[in-house]
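> Mind having a look at this structure? Questions to follow.
The values are calculated or read from the model by the stated rules, or taken from the named source; none is laboratory data. Just so it is clear, the structure is predicted and the values come from calculations on it, not from any experiment. We place every Cβ from the backbone using ideal geometry, glycine too, and count neighbours over all the protein chains shown.
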Amino acid sequence: MLAPWPNRIAGGAYTFEGVEYQAKINEPLGNALHGLLFDLPANVLSQETDRLTLVSAVEPRPSFPWNLEVQITFSISEAGLEVETVATNTGQGSAPIGLGTHPFFVFDSTSTLEVRAKAGAIHGPDMIPLKEVPATELGFGEGIRTPIESLPLDLQFSGIAEGAAVLRTQDFSIEVWQKRADWLMVYTTESFNWADGRVRAVAIEPQTCAADAFNTGAGLKVLSPGESFSYVWGVRNI
């Protein structure tokens, strides 16, 4: 789970309501990557046979001086997996918030990925978006099955349809879908840790805001004290 921001903050620096903040640089490209929640503990709030709710909290710190509670509910059914994330500002002042997730899926030499997006981002060497172009200029778009075996990918997409992306492999075909999340990040790796060792995998990452949203405002939510917002994503076989 990625909060209070997914993706990157350029140089880890941002300004909110006239105050400058500096988040920890945690990647070689010199940015603050994937927020503060991903390495924090979570508690089980409720558990049933087909449903699990976890709760975690981001406590105030110099780089993010607000209280944020995040509840994540995982539901399994015949339709597949559904994950709902609810973020609540439990502090005293307005807080900037973005959410995302980072699921990986293994792929093989025959695999294709269809990203149902209107636009994709051109990035600089620090992986901060510079501009948007039609997704078709990047070889993606609704109805386009793009082979991914030989493509190192680290791309941001926007204008996402509810059925955000379809991954087709020799063994399975799945759709990753999302609601109330208008951005999608796609990232491939050759060395994902798996039960049989390191394998190739693709991360298909629903996100509620763009990379560097704490500076650009693209999709950024500002929550008043006590206010919440949520988004939903899931995976289903097709």
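> Are any residues in the stretch 197-225 of a type in the set (Gly, Ala, Ser), surrounded by fewer than 21 Cβ atoms within 10 Å (Cβ to Cβ) and closer than 22 Å to Thr15 by Cα, and if so, which ones? First the steps, then the outcome.
Going through the stretch 197-225, the residues of a type in the set (Gly, Ala, Ser) turn out to be 197, 201, 203, 210-211, 213, 217-219, 224.
Now drop any that are not surrounded by fewer than 21 Cβ atoms within 10 Å (Cβ to Cβ), which leaves 197, 201, 203, 217-219, 224.
Passing the criteria: Gly217, Ala218, Gly219, Ser224.
> Hey, could you check the stretch 99-125 for residues that are β-branched (Val, Ile, Thr) and within 15 Å of the chain's Cα centre (by Cα) and say which is nearest to Glu137 (Cα to Cα)? Reasoning before the result, please.
We begin by selecting, within the stretch 99-125, every residue β-branched (Val, Ile, Thr); these are 101, 106, 110, 112, 115, 122.
Okay, now just the ones that are also within 15 Å of the chain's Cα centre (by Cα), so 101, 115.
On the way: Thr101: 26, Val115: 13 Å.
The qualifying residue nearest to Glu137 (Cα to Cα) is Val115.
> Continuing with this model, one more query. For residues that are on the phi < 0 side of the Ramachandran plot and within 16 Å of the chain's Cα centre (by Cα), tally how many sit in the stretch 2-30. Let's see the steps before the verdict.
Just the residues of the stretch 2-30 that are on the phi < 0 side of the Ramachandran plot, to begin with: 2-6, 8-10, 13-16, 19-29.
So of that shortlist, the ones also within 16 Å of the chain's Cα centre (by Cα) come out as 2-6, 8-9.
Matching residues across the stretch 2-30 total 7.
> Now for a separate question. Would you be able to say whether some residue in the stretch 129-141 is within 27 Å of Ala10 (Cβ to Cβ), touching a Lys or Arg at 6+ places or on another chain (Cβ under 7 Å) and crowded, with 21+ Cβ neighbours inside 10 Å?
Yes: one or more hits.
> Out of the stretch 91-125, which residues are in a loop (DSSP other than H, G, I, E, B) and of a type in the set (Asp, Glu)? Working first, answer last.
Residues of the stretch 91-125 that are in a loop (DSSP other than H, G, I, E, B), as a first pass: 91-94, 98-99, 101-103, 107-111, 124-125.
Result: Asp108, single match.
> Further question: Scanning the stretch 158-188 for residues that are surrounded by fewer than 21 Cβ atoms within 10 Å (Cβ to Cβ) and aromatic (Phe, Trp, Tyr), which turns out farthest from the chain's Cα centre (by Cα)?
Selected residue: Phe172.
> Search the stretch 2-32 for residues being in a helix (DSSP H, G or I) and of a type outside the set (A, V, I, L, M), and hand back the single one that is surrounded by the fewest Cβ atoms within 10 Å (Cβ to Cβ). Talk me through it step by step, then tell me what you get.
Start the filter on the stretch 2-32 by keeping residues that are in a helix (DSSP H, G or I), which leaves 10-12.
This time we only want the ones that are of a type outside the set (A, V, I, L, M), so: 11-12.
Values: Gly11: 17, Gly12: 19.
Among those that are in a helix (DSSP H, G or I) and of a type outside the set (A, V, I, L, M), it is Gly11.
> Here is a check on your reading of the model: is Glu205 closer than 30 Å to Asn89 by Cα and modelled with pLDDT of 95 or more? So that I can check it myself, show each step before the final result.
Numbers: closer than 30 Å to Asn89 by Cα: yes; modelled with pLDDT of 95 or more: yes.
Here the answer is yes, as Glu205 does meet what is asked.
> Residues Ser46, Ser77: which one is under 21 Å from Arg180 (Cβ atoms), surrounded by fewer than 15 Cβ atoms within 10 Å (Cβ to Cβ) and not charged (D, E, K, R)?
Values: Ser46 fails: under 21 Å from Arg180 (Cβ atoms).
After applying the criteria, what remains is Ser77.
> Something else now. Please work out if Gly100 is crowded, with 21+ Cβ neighbours inside 10 Å, closer than 27 Å to Ser56 by Cβ and not hydrophobic (A, V, I, L, M, F, W, C). Even if it seems obvious, please write down each step before you answer.
Values: crowded, with 21+ Cβ neighbours inside 10 Å: yes; closer than 27 Å to Ser56 by Cβ: yes; not hydrophobic (A, V, I, L, M, F, W, C): yes.
Spelling it out, Gly100 is indeed crowded, with 21+ Cβ neighbours inside 10 Å, closer than 27 Å to Ser56 by Cβ and not hydrophobic (A, V, I, L, M, F, W, C).
> Quick one: would you say Gly35 is at positive phi, surrounded by 18 or more Cβ atoms within 10 Å (Cβ to Cβ) and either modelled with pLDDT of 95 or more or of a type outside the set (Phe, Trp, Tyr) (or both)? Lay out the reasoning, then the answer.
Details: at positive phi: yes; surrounded by 18 or more Cβ atoms within 10 Å (Cβ to Cβ): yes; either modelled with pLDDT of 95 or more or of a type outside the set (Phe, Trp, Tyr) (or both): yes.
Yes: the conditions hold for Gly35.
> So, one more: Quick check: anything in the stretch 199-210 more than 21 Å from Pro6 (Cβ to Cβ) and either of a type outside the set (A, V, I, L, M, F, W, C) or out of contact with any Pro (no Cβ under 8 Å at 6 or more places or on another chain) (or both)? First the steps, then the outcome.
Taking the stretch 199-210 and keeping what is more than 21 Å from Pro6 (Cβ to Cβ), we get 199-200.
With the extra rule that they be either of a type outside the set (A, V, I, L, M, F, W, C) or out of contact with any Pro (no Cβ under 8 Å at 6 or more places or on another chain) (or both), the set shrinks to 199-200.
Checked the stretch 199-210: at least one residue is more than 21 Å from Pro6 (Cβ to Cβ) and either of a type outside the set (A, V, I, L, M, F, W, C) or out of contact with any Pro (no Cβ under 8 Å at 6 or more places or on another chain) (or both).
> Oh, and also: What do you reckon, is Ala161 touching a Lys or Arg at 6+ places or on another chain (Cβ under 8 Å) and of a type in the set (A, V, I, L, M)? Quick ask: steps written out before the conclusion?
On the way: touching a Lys or Arg at 6+ places or on another chain (Cβ under 8 Å): yes; of a type in the set (A, V, I, L, M): yes.
Answer is yes for this residue.
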